[in-house]
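K.L.:
Have a look at this one before I ask anything.
Please treat every number below as a calculation from the coordinates, not as lab data. Every value quoted in this text rests on a predicted model; they were computed, and no experiment measured them. Every residue, glycine as well, gets a Cβ built from its backbone with ideal geometry; the counts of neighbours run over all protein chains shown.
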């Protein structure tokens, strides 16, 4: 059922500019973070667009499969999808809800940074809890459609600890309505309770760890359906923008099933580019939620990437951006390198760093801007931050300005030392101070990747272990000095891969159906089954997060841990 929007003509869609936009939305008085914008059509008619996140997380709408990036099929208490036009200015896209809102009787008012949406008052008519072969189904019948949100959902990393959830519905409910509901446990359900408010009702549940609440809507009469089940209901395929496809599917390995969410990126698409980024902006030290990091950097999509020290808030692996080494590799671990033209390489990587003295001789550098302290000389530049605080006891620190050693001093615990903007600090750990670093000495720094094919590729991200290379599973965690425990565990996973056609896959998975996430060997097999001929494991566990257009796709945002770095997808629409 297509609706006629102000920007249905593609020539208008990219030419029109936002007259007002913001990052906060109020739905019936409740605040949500999310993008919105208003435009004027060529005829002067005002129209409103909201991001995917506002549509799904705040209003409770669904996105159906859509293969045309200029349109999006949506569902909200309907038997069949409604087609909305899409406006795509860059990092977020906007669904044109103006005609849809009028049809539903919504009142919409922009106020500064905020968009206020008020929907007609709704009432819960009845609640029914039933059993299904796969779990439990709760049906909440309303007198009219009402927004809903999954306010909270806890994780179960092992699939064995119970999870709690809260679904909030913008509807009133009398105590008598729920009196006829008999809550029987079993089939994944541990407890269920309704908490009515003045104009909202909270549905609080506790479920077995391998189950998940899956919420959807029906019409005639309007119904909110909460399924407590293990398997996702259906796969998803949305062409979100030219060159960006959002996919969800269950991947089967033998008797095991793994729900996977991924983005398929065409790196050769005009207007698209992939780049490493990190929390601190101009400096490396710092951690931040991936969604916040992506929004601050104006990335359309992102995935968490390399390992990091949560205590020190610093990287533990290779980061190179636009040909500049920001942080060096460690422990010969897996890395992926790429160019803006779509060339990709994977391999186990080290950085060979050398300081040559004007007094003769040379010194090896074991790391640059790394949170992983090793015996030898470590180098820190202003990319690390304005200061360096010793990571270990008994460090000796040489200050270098304009390639000349200025001074050498012992490091003191918790005492920050300024890093010169036109130089570096050389930190000696567990090695004696030699004449090569005497004040006045001139030094020349050189760095070369251990893999020659990486040298010409300006962007590099390290993590590991390497999963797939040239179509073969090549997991060798011990060669990359990962612990036996890390190798054996089942966990949430993130990964990046490339198919034979050049498509880049940014993938995330959490629990398998009925248990914990995949092992590394299983994750490699999953990536290969998805079509990757080269693939690298990224930081996983609580760090796992996949972001697109203002929202996390793979997990509830309240469960997402802060991370140090990520790989961002940056999108600039090309006008025709």
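K.L.:
Using a simple spin-label model with points 7 Å from Cα along the Cα→Cβ vector, what separation in nm is obtained for residue 233 and residue 558?
P.N.:
2.2 nm
K.L.:
Residue 529 to residue 80: extension gain in nm, 0.36 nm per residue of separation minus the Cα-Cα distance?
P.N.:
158.4 nm
K.L.:
Still on this model: Give me the tail of P(r) for segment 280-384 as a percent: Cα-Cα pairs with distance above 17 Å.
P.N.:
Summing the P(r) of segment 280-384 above 17 Å gives 60 percent of all pairs.
K.L.:
In whole Å, what three semi-axes, largest first, describe the equivalent ellipsoid of segment 351-449 built from its Cα gyration tensor (square root of 5 times each eigenvalue)?
P.N.:
That gives 18, 14, 14 Å for the three semi-axes.
K.L.:
How much length is gained if the chain between residue 574 and residue 154 is pulled fully straight, taking 0.36 nm per residue apart and subtracting their Cα-Cα distance, in nm to one decimal?
P.N.:
Difference between extended and current length: 147.2 nm.
K.L.:
Determine the calculated [θ] at 222 nm for the chain from helices alone, applying -39500 (n - 2.57) to every DSSP H run no shorter than 4 residues and normalising by the residue count; nearest 500 deg cm²/dmol.
P.N.:
Using -39500 (n - 2.57) per qualifying helix, the result is -1500 deg cm²/dmol.
K.L.:
Just to be sure I understand, if you calculate mean projected area of the Cα convex hull in nm² for this structure, which of (i) 25.0; (ii) 28.3; (iii) 23.6 do you get?
P.N.:
Checked against the structure: label (ii).
K.L.:
Still on this model: Where Rh denotes the Kirkwood radius from the mean inverse Cα pair distance, what is Rg over Rh for segment 443-516?
P.N.:
Result for segment 443-516 is an Rg/Rh of 1.04.
K.L.:
Sticking with this structure for a sec: How are the alpha carbon pair distances in segment 355-514 distributed across 5 Å bins from zero to the largest one, expressed in percent?
P.N.:
Each 5 Å bin holds this share of Cα pairs: 1, 7, 13, 16, 14, 12, 11, 10, 8, 5, 2, 0, 0, 0.
K.L.:
If you don't mind, there's one more thing I want to ask. Give, to the nearest whole percent, the P(r) tail of segment 124-229 beyond 23 angstrom, counting all Cα pairs. Please list the in-between numbers first.
P.N.:
Details: 1208 of 5565 pairs.
For segment 124-229, the share of Cα pairs beyond 23 Å comes to 22 percent.
K.L.:
Distance between Cα centroids, segment 171-189 to segment 479-525: provide it in whole Å.
P.N.:
That distance is 39 Å.
K.L.:
Then there is this: Can you compute the modelled spin-label distance between residue 190 and residue 26, with each label point 7 Å from Cα toward Cβ, in nm?
P.N.:
Output for this residue pair reads 3.7 nm.
K.L.:
For the chain, what relative contact order do you get, as a whole percent, if you take Cα pairs closer than 8 Å and at least 6 residues apart?
P.N.:
Working: 1568 pairs, mean separation 86.6, N = 576.
So the answer I get is 15 percent.
K.L.:
Find the centroid of the Cα atoms in segment 210-243 and in segment 428-462, then give the distance between the two in whole Å.
P.N.:
Each part's Cα centre sits 52 Å from the other's.
K.L.:
Only residues of segment 294-334 count here: report those whose backbone N is under 12 Å from the spot 7 Å along Cα→Cβ of residue 161, or say none.
P.N.:
Of the residues in segment 294-334, none has backbone N under 12 Å from the label point off residue 161.
K.L.:
Separate question: Using 16 Å as the cut-off for backbone N distance, which residues of segment 118-143 belong to the label zone defined by a point 7 Å from the Cα of residue 216 along Cα→Cβ?
P.N.:
Zone members listed by number: 132-140.
K.L.:
Follow-up. Using R₀ = 60 Å, calculate the FRET efficiency as 1/(1 + (r/R₀)^6) where r is the Cβ-Cβ separation of residue 182 and residue 412; round to 0.05.
P.N.:
0.35
K.L.:
Quick check: the angle from helix 520-529's long axis to the longest principal axis of the chain, C-alpha only, nearest 10 degrees?
P.N.:
On a 0 to 90 degree scale, this one is about 70.
K.L.:
Work out how much length residue 322 to residue 488 would gain on full extension: take 0.36 nm times their residue separation and subtract the Cα-Cα distance, in nm to one decimal.
P.N.:
56.2 nm
K.L.:
Once both labels are modelled 7 Å past Cα along the beta-carbon direction, what's the residue 107-residue 273 spacing in nm?
P.N.:
For the pair residue 107/residue 273, the computed spacing is 4.7 nm.
K.L.:
Then there's this: How big is segment 10-118 on each of its three principal axes, counting only the C-alpha atoms and giving the largest first in Å?
P.N.:
35, 34, 26
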